[in-house]
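What follows is one structure encoded as structure tokens, with my remarks underneath.
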Amino acid sequence: MIRIRTGDEVFVISGKDKGKKGRVLKVFPREMRAVVEGVNVVKKHVRPTPRNPQAGVVEVFGKIHLSKLMLVCPRCGKATRVGAKISEDGRKFRYCKKCKNFIESSY
């Protein structure tokens with residue numbers, strides 16, 4: 001179970017962007033990577049197209065490995081590990097390991 005989902009706020013714990021926070025824009029479960037807003041900004045060369053006639057170098061957000069990210073708990077505001085529990089009715093949910101509160105999905 002991947003514990004980081006689209007829309008979550010995350011904290012980067014290692015790499016060139018260590019210490020930055022951002023919102024997850026997209027998760028790639030097979031690659032174990034995610035695209036985070038404001039993190040791992042790379043330059044990409046684009047050629048002109050009918051939709052985008054201006055060619056040049058643009059900055060885009062690159063993928064970052066999930067092991068370098070920690071979820072920021074929406075309740076306590078701290079970077080935390082994420083646990084998974086199964087409720088009485090059989091549904092899975094995530095919870096903050098620091099404050100033990102339920103983390104709602106951000107979809």
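The values are calculated or read from the model by the stated rules, or taken from the named source; none is laboratory data. Everything numeric in this text was worked out from a predicted model, so none of it was measured. All Cβ positions, even for glycine, are placed from backbone atoms using ideal geometry, and neighbour counts span all protein chains on display. These accessible areas exclude ligands, DNA and RNA; they are computed on the full protein's heavy atoms, side chains included. Shrake-Rupley method; radii C 1.70, N 1.55, O 1.52, S 1.80 Å.
The largest accessible area among R75, R94, R47, R33 belongs to the first residue in R47, R75, R33, R94, and the rest follow in falling order (1.4 Å probe, all chains).
Taking C73, C99 and ordering them by how much accessible surface each has at a 1.4 Å probe, largest first, produces C99, C73. Taking the Cα centre of the chain as origin and assigning +1 to Lys and Arg Cβ atoms and -1 to Asp and Glu Cβ atoms, the resulting dipole is close to 280 debye. Rounded to the nearest 10 square angstrom, F93 shows an accessible area of 50 square angstrom against a 1.4 Å probe.
Computed with a 1.4 Å probe over protein heavy atoms only, the accessible surface of region 1-82 comes to 67 Å² per residue. When K78, K43, K68 are compared by accessible area at a 1.4 angstrom probe, the order from most to least is K43, K78, K68.
Comparing Cα centroids, region 73-107 and region 32-71 end up 29 angstrom apart.
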